[in-house]
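Written below as structure tokens is the structure these notes are about.
The values are calculated or read from the model by the stated rules, or taken from the named source; none is laboratory data. All figures in this text were calculated on a predicted structure; none of them were measured in a lab. Cβ sites come from the backbone with ideal geometry, for glycine too, and all protein chains shown count toward neighbours. These accessible areas exclude ligands, DNA and RNA; they are computed on the full protein's heavy atoms, side chains included. Shrake-Rupley method; radii C 1.70, N 1.55, O 1.52, S 1.80 Å.
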Amino acid sequence: MKTLDFKPKTIMEARKFPSKEKTWVIGLDIGYSAVKGFCPNKLFSFPSYARQIPENRERMKAYGDTDICYRDRNGLWSVGSLAYEEVVCSEVADSEEELYGRNRYYSPMFIVLARTGIALGMISNLFGSPNGKKVVIQTGLPPKYRLADTPILKEVLAGKHSFDIRIGNGKWQHFDFELEENDIYVMPQPLGSLVSASIDKDGKQIPEAAKYFSSNLVIFDPGFGTMDDYTVKQGNVVGNGETFSNLGMHEVFERTCKDIRDIYGVTLQVPELINKLDSGTVYITDRRKMKRVEKEFTDFLTRNSKQVCEEAVEQMKVIHDYFSDINYIITTGGTYDAWKEDFDSKFAEMEGLHIIPGNANDDSITNVFSNVRGYYFYLLNRMK
């Protein structure tokens, strides 16, 4: 893979999905790397990053078609890919806890990201409009934290919201709405991919799904901040799953930052590294000699990605007794896509063990959307 393949991307694609007449369902995944959304008339994704900027600042560069700006009574923000353009030198003031910690819910950045995700899910297009319909949201949390964090997440998402969104060079769009807590649903995050792997494009259960629910399976959901492992045996959920904070893509980036610092003498924080994934290089500057050279870090990133993937598999071996009685592994997410070749090869000689991507029933949708696709269809079918 190229370094650019590791970078969270902005996607806004108008699509028509099954829906209900009087309800506007939004599947929303506010992840550590990206905010993903799925609703009756589109799917979307944008990097989970935002920076507050001066409202009167001059901008010389034209906005791209998918650049996102947010504003409310507290100020103006760049969101997603546009916010990464604000990352320069060592001016990153965002704390690790605000960006990647469990307790980020009340931070201004999280609120901006959540509101932006909901707003994108409410924008009308040729495939439908939420006007006159009740908006309901299905989201998810890592299994280990779901019971404790659900009340906090609902408290943040519920209530009155008033703000503006602008996409590209378009006009500002005003949003003024209120969400009730009982219209916000939270499920175990990896379960979204099991639902996604079990239903077709119309949201109906596929025949093979009966095999999944009568067998032993593991849901492997390596994300940016965490790696989630979720077990279902004979249709019964086993425990609350396992969540590991040191086996996701953030760990890969942290190790790559360390290699760059140790070998090249260049100090980067993770948001700065993400901003450099376009080129895959860093500059080493000799200030005394006024000399600068460009160095690649592709090998560092590739090695660390492979290493963390191997560590994740080793951890799963311990949990599942070397997969001795497991029939299926449901795999999901952009991190799995980066690890696919290395991960799948570990199970190449395991007869009767099948690896099923979460997007297997709609390969026109990248695996990045597997969880949120499952959120959407789970709530849609539940409301029927």
message = Quick check for me: using +1 on Lys/Arg Cβ and -1 on Asp/Glu Cβ, what's the dipole size of the chain about its Cα centre, in debye to the nearest 20?
response = 1100
inquiry  = Probe radius 1.4 Å, ligands and nucleic acids ignored: give me the carbon and sulfur share of the accessible area of the chain as a rounded percent.
reply    = 46
request  = Hand me the GluC sites (Glu not before Pro) from region 314-367 located in a DSSP loop with no more than 12 other Cβ atoms within 10 Å, in residue order please.
outcome  = Glu349, Glu351
query = What does the convex hull of the Cα atoms of region 273-324 come to per residue, in Å³, rounded to a whole number?
reply = 99
request  = Just need the relative contact order of region 279-384 here, percent rounded to a whole number, with Cα pairs under 8 Å and 6+ apart.
outcome  = 20
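Provide the per residue accessible area, probe 1.4 Å, for the chain, rounded to a whole number of square angstrom.
About 46 Å² of surface per residue is accessible.
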request  = Determine which aspartates and glutamates satisfy two conditions relative to Lys346: a Cα distance under 17 Å, and not lying fewer than 8 residues away in the same chain.
outcome  = Asp221, Asp229, Glu310, Glu311, Glu314, Asp321, Asp325, Asp337
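So what's the convex hull volume per residue for the Cα atoms of region 308-384, in Å³?
118
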ask   = Under the Kirkwood approximation applied to all pairs of distinct alpha-carbon atoms, what is the hydrodynamic radius of region 249-290 in Å?
value = 10.9
key: Among the listed pairs Lys42/Lys306; Lys201/Lys340; Lys16/Lys306, those beyond 29 Å (Cα-Cα)   = Lys42/Lys306; Lys16/Lys306
key: Qualifying trypsin sites (Lys or Arg not before Pro) in region 149-247, DSSP loop, other Cβ atoms within 10 Å at most 15   = Lys171, Lys201, Lys204
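When the Kirkwood hydrodynamic radius is evaluated over all pairs of different C-alpha atoms of the chain, what value in angstrom, to one decimal, is obtained?
Roughly 21.7 Å, rounded to one decimal.
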request  = Quick one: give the max-minus-min coordinate of the C-alpha atoms of region 236-337 along each principal axis, largest first, in Å.
outcome  = 65, 20, 20
note = Whole-Å distance linking the alpha carbon centroid of region 129-196 with that of region 112-127 is 10
